[in-house]
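The structure appears below as structure tokens.
Just so it is clear, none of the values below were taken in a lab; they were calculated from the coordinates. Since we're looking at a predicted model, the values are computed, not measured. We place every Cβ from the backbone using ideal geometry, glycine too, and count neighbours over all the protein chains shown.
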Amino acid sequence: MNTFDFKHKKATQALNYFAKKAGGRISRLKAVKLVYFADRYHLRRYGRLVTGDSYFAFPYGPIPSVTLDIAEDSNDIPEVNYSRGYIKPVSEYDYESIKNIDTVCFSETDIEALKFAWDSFGSFGDEKGFELAKLTHEYPEWKRFEAEFKTDSEKRFEMKLEDFFENPKKLAKKFGQDKFTEDPGLLAFSRDIFKENREVGELLNA
């Protein structure tokens, strides 16, 4: 269970960042996969997510739940009151940036993570993000649910952030080399920071 506070401004500006990088318009599927990769990078290096979102495994890969709601412009969440000032839907699958990125909400390491995600995966596969979704299936945090999806594709499962620190045994050849190449010592240190952050979050939420 995720005990970190969701940062709706960071999530919105991350979506805005990736839309800008894509030329102003991007598919929601591709964008939320890029957010996932940025969160994964930051967690493995600094012990926390950029967005603080809760992650769920779906048949099409890991999804930051509220970030997806923002990208979909869902009326069911209050966060859209902020996000509508920066992004808006332009089709059933895409959204566009309508205002410059407000980087004030980001730390230097947040921006580092966003840049990593775009530089590493922004040009990967098709524009709609389907190949990027397939790539996310290679990572242990999603693979633990793979067998479940073979029997019921309608399910979703809350993901364990601890699994984000694990490395894939081997990526399928078509995906090339894993972009996440952190030193084992750094991973162990970041995992310890994550555990401390989680314990503090649990105490505050008790």
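Would you say residue 50 is in a helix (DSSP H, G or I), touching a residue at least 12 places away in the same chain (Cβ under 8 Å) and of a type in the set (A, V, I, L, M)?
On the way: in a helix (DSSP H, G or I): no; touching a residue at least 12 places away in the same chain (Cβ under 8 Å): yes; of a type in the set (A, V, I, L, M): yes.
The answer is no for residue 50.
When residue 131 is tested against (1) charged (D, E, K, R); (2) under 30 Å from residue 188 (Cβ atoms); (3) not in a loop (DSSP other than H, G, I, E, B), exactly one condition is not met: (2). The set of residues in the range 15-30 being among the polar types (S, T, N, Q) and assigned to a helix (DSSP H, G or I) consists of 16 alone. Within the range 168-206, being assigned to a loop (DSSP other than H, G, I, E, B), over 21 Å from residue 131 (Cβ atoms) and small (Gly, Ala, Ser) holds for one residue alone: 206. Answer yes or no as to whether residue 158 is among the acidic types (Asp, Glu), touching a residue at least 40 places away in the same chain (Cβ under 8 Å), under 21 Å from residue 63 (Cβ atoms) and touching a Ser or Thr at 6+ places or on another chain (Cβ under 8 Å). It is true that residue 158 is among the acidic types (Asp, Glu), touching a residue at least 40 places away in the same chain (Cβ under 8 Å), under 21 Å from residue 63 (Cβ atoms) and touching a Ser or Thr at 6+ places or on another chain (Cβ under 8 Å).
Looking only at residues in the range 129-180 that are of a type in the set (Ser, Thr, Tyr) and under 15 Å from the mean Cα position of the chain (by Cα), which one is nearest to residue 33 (Cα to Cα)? The residue in question is 136.
How many of the residues making up the range 68-126 are of a type outside the set (A, V, I, L, M) and not in a helix (DSSP H, G or I)? Spell out the reasoning first.
Here is the first cut: in the range 68-126, the residues of a type outside the set (A, V, I, L, M) are 69, 72-76, 78-79, 81-86, 88-89, 91-97, 99-100, 102-103, 105-110, 112, 115-116, 118-126.
Then drop every residue that is not not in a helix (DSSP H, G or I), which leaves 72-76, 78-79, 84-86, 88-89, 91-97, 99-100, 102, 106-107, 122-126.
Summing the residues that are of a type outside the set (A, V, I, L, M) and not in a helix (DSSP H, G or I) in the range 68-126 gives 29.
Check whether at least one residue in the range 141-162 is polar (S, T, N, Q) and either surrounded by 14 or more Cβ atoms within 10 Å (Cβ to Cβ) or under 27 Å from residue 5 (Cβ atoms) (or both), and report yes or no.
Step one: list which residues in the range 141-162 are polar (S, T, N, Q), which gives 151, 153.
From the residues that got through so far, the ones that are either surrounded by 14 or more Cβ atoms within 10 Å (Cβ to Cβ) or under 27 Å from residue 5 (Cβ atoms) (or both) too are none.
No: zero hits.
Give the number of residues within the range 53-69 that are on the phi > 0 side of the Ramachandran plot and either touching a Pro at 6+ places or on another chain (Cβ under 6 Å) or without any contact (Cβ under 8 Å) to a residue 24 or more places away in the chain (or both). The total comes to 0.
Every condition in (1) under 18 Å from residue 71 (Cβ atoms); (2) free of Cβ contacts under 8 Å to residues at least 40 places away in the same chain; (3) buried (at least 16 other Cβ atoms within 10 Å of the Cβ) is met by residue 117 except one, and the failing one is (2). Just one of the listed residues (55, 36) is of a type outside the set (Gly, Ala, Ser), out of contact with any helix residue (DSSP H, G or I) (no Cβ under 6 Å at 6 or more places or on another chain), surrounded by 24 or more Cβ atoms within 10 Å (Cβ to Cβ) and within 18 Å of residue 179 (Cα to Cα), namely 36.
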